[in-house]
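Q: What follows is a single structure, and I will ask about it in a moment.
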Amino acid sequence: MSIWPSLAFDPEESLLSYADRLSVLHTGRGMERLVKDFGINTEHFTSGREEAVLAFA
């Protein structure tokens, strides 16, 4: 699944910051909403579990 428009990822920002910016653009809410919409466990994502990060990518 991909979403449009996409935002460029700045290598200086954290994954959580990027996810939050992307979510605000698409949902008007914080990153937890977007991560849940993708079916990703938010606790796994915020802790950086590889499978959750890969699912988001």
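Q: Mind checking which pairs have a first residue in the range 1-26 that is closer than 16 Å to G48 by Cβ and a second that is open to solvent by 50 Å² or more (accessible area, probe 1.4 Å), Cβ under 7 Å, 6 or more apart or different chains?
A: Final answer for the pair search is L16/T46; Y18/F9.
Q: Also, I was wondering about something else. How about the range 1-15: which of its residues are aliphatic (A, V, I, L, M) and open to solvent by 70 Å² or more (accessible area, probe 1.4 Å)? Break it down stepwise before answering.
A: In the first step, residues of the range 1-15 are kept if they are aliphatic (A, V, I, L, M); the result is 1, 3, 7-8, 15.
Scanning the range 1-15 gives M1, A8.
Q: Related question: Just for the range 24-52: of the residues that are closer than 16 Å to P5 by Cα and among the β-branched types (V, I, T), which one is most open to solvent (accessible area, probe 1.4 Å)?
A: Taking the candidates together, the pick is V24.
Q: Something else: With the checklist (1) loosely packed, with under 14 Cβ neighbours inside 10 Å; (2) assigned to a helix (DSSP H, G or I) in hand, flag the one item A19 doesn't pass.
A: Of everything listed in (1) loosely packed, with under 14 Cβ neighbours inside 10 Å; (2) assigned to a helix (DSSP H, G or I), A19 misses just condition (1).
Q: Can you pull out the residues in the range 27-50 that are in a helix (DSSP H, G or I) and either more than 11 Å from the chain's Cα centre (by Cα) or touching a residue at least 60 places away in the same chain (Cβ under 8 Å) (or both)? So that I can check it myself, show each step before the final result.
A: Pass one, the range 27-50, residues in a helix (DSSP H, G or I): 27, 31-37, 42-46, 50.
The answer is T27, E43, H44, E50.
The values are calculated or read from the model by the stated rules, or taken from the named source; none is laboratory data. Keep in mind the model is a prediction, meaning the values are calculated, not measured. Because the Cβ atoms are built from the backbone with ideal geometry, glycine has one as well, and the counts that use them run over all protein chains shown. When the accessible area is computed, the model is the full protein with side chains, heavy atoms only, and any ligands, DNA or RNA have been set aside. Shrake-Rupley method; radii C 1.70, N 1.55, O 1.52, S 1.80 Å.
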